[in-house]
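The values are calculated or read from the model by the stated rules, or taken from the named source; none is laboratory data. Everything quoted here is computed from the prediction, not taken from an experiment. FYI the Cβ positions are ideal-geometry reconstructions off the backbone, even for glycines, and counts take in every protein chain you see. Each accessible area value is taken on the protein alone, full model and side chains, heavy atoms only, with ligands, DNA and RNA left out. Shrake-Rupley method; radii C 1.70, N 1.55, O 1.52, S 1.80 Å.
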Amino acid sequence: MDSEISVIIPVYNESSTISGCLHTLLKQSLPPKEIILIDDGSTDDTLRKIKIKQKSTKKIKILTQDHQGPAIARNLGAKQAKGKILVFVDGAMEFEPFFLENLTEPIINKKALGTWSGNEWVKNWDNIYAKCFNYNQGRSSAQMVAPASGQRKVYRAILKSEFRKVSGFDSTGYTDDWTLVEKIGQEPYITQAKFYHSHPENLLEVFHQAVWMGKRQYKLGMIGAFVAILRSNIIFSLILGIIKASYYKTPQFIMFKLVYDLGITFGAFTSLFGNKY
């Protein structure tokens, strides 16, 4: 019997990961009522792969929009959702079989209006640039969130009624999925629902991801963008790259850091001139 869970996935050029994402969602111990994918103007064959998967199940629903970012895509999906519980994931994620069951149990049993999980791991840990992405954030293992603290700024699942009360996500760029916590005014309930996330696997993907991160809305506005540009300049980038490459015994980190910081710089400059996407 299907649950009252609507899984919402914004996708943009995720051809390499979307099939694994959908496969693991369709194998859940607590099956979702529906899986709503919002193609955010992909230019690769992401949409074709989704349509192939759609042929095998009626659960998959496809929406499309021009490239406007994940917040607007998620809000569009939420408007179409039929389930009472909304689950927000990304196309680069894969899930353990009990993920949805563990994530939504506190909501179903009325312990919480929304939940989060920090039990998130790098799926492609065997890739050197995926490792560098974690190293850059001070994480030496495949775990993506520090177990002692956790991010706790993201509602991974939430009652649709509560989501609609605050009119969904604000489109602020890279950290737009943090905006629900700010608008609702409380952190989500912590669960141990286990899932995986694929990091960029080559320098071009690293650059594009960093550009997206650099385009985010900064707390100090233009000043924040200028600070980001200053911190990611080539001199600091090279010094930090050498230090961390030595610490993690990974010489490839030097090139990763240069490319990553170049992307942050490019994104921050783009943010300054108001061109978010």
Item to check | GNM result for the chain, Cα springs below 10 Å: residue of Ile223, Ile190, Ile158 fluctuating most strongly | outcome: Ile223
Next on the checklist: Under 5 Å between amide hydrogens, which residues at least 5 positions from Tyr189 or on another chain qualify, with H placed 1.01 Å from N in the peptide plane?
Outcome noted: Gly114, Thr115, Trp116
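With every protein chain kept in place and ligands, DNA and RNA left out, what is the accessible area per residue of the chain? Probe 1.4 Å, answer in Å².
Value for the chain: 49 Å² per residue.
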Checklist entry - Using θ = phi - 60° and the Karplus curve 6.51 cos²θ - 1.76 cosθ + 1.60, what whole-Hz ³J(HN,Hα) does each residue of the stretch 172-188 get, with Gly and Pro shown as x? => result 10, x, 3, 9, 5, 6, 7, 5, 5, 4, 5, 7, 6, x, 8, 7, x
Checklist outcome for this item: If one compares the long axis through the Cα atoms of helix 70-80 with the longest principal axis of the Cα atoms of the chain, the angle in degrees, nearest 10, works out at 0 degrees
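May I ask you to compute the full-extension gain from Asn109 to Lys79, defined as 0.36 nm times their residue separation minus their alpha-carbon distance, rounded to one decimal in nm?
Extra length available between Asn109 and Lys79 comes to 8.4 nm.
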Checklist outcome for this item: For Ile234 and Thr43, extending 7 Å from Cα along the Cα-Cβ vector and measuring point to point gives, in nm, a value of 2.5 nm
Checklist entry - Whose amide H sits under 5 Å from the amide H of Thr64, counting only residues 5 or more places off or on another chain, with H placed in the peptide plane? => result Asp39
Next on the checklist: List the pairs from Lys58/Lys153; Lys84/Lys123; Lys59/Lys84; Lys27/Lys194 whose alpha-carbon separation is above 24 Å, in the order I gave them.
Outcome noted: Lys58/Lys153; Lys84/Lys123
Checklist entry - If you line up the long axis of helix 252-272 against the longest principal axis of the chain, both from Cα atoms, how many degrees apart are they, to the nearest 10? => result 70 degrees
Checklist entry - Hey, if we sort Leu238, Leu258 by accessible area with the 1.4 Å probe, largest down, what's the order? => result Leu238, Leu258
Next on the checklist: At 1.4 Å probe size, with the rest of the protein present, what percent of the exposed accessible area of the chain is carbon and sulfur atoms?
Outcome noted: 57 percent
Checklist entry - By how many degrees, between 0 and 90 and to the nearest 10, does the Cα long axis of helix 99-108 differ from the longest principal axis of the chain? => result 60 degrees
Checklist entry - When the Cα centres of the stretch 221-277 and the stretch 56-89 are compared, how far apart do they sit, in Å? => result 32 Å
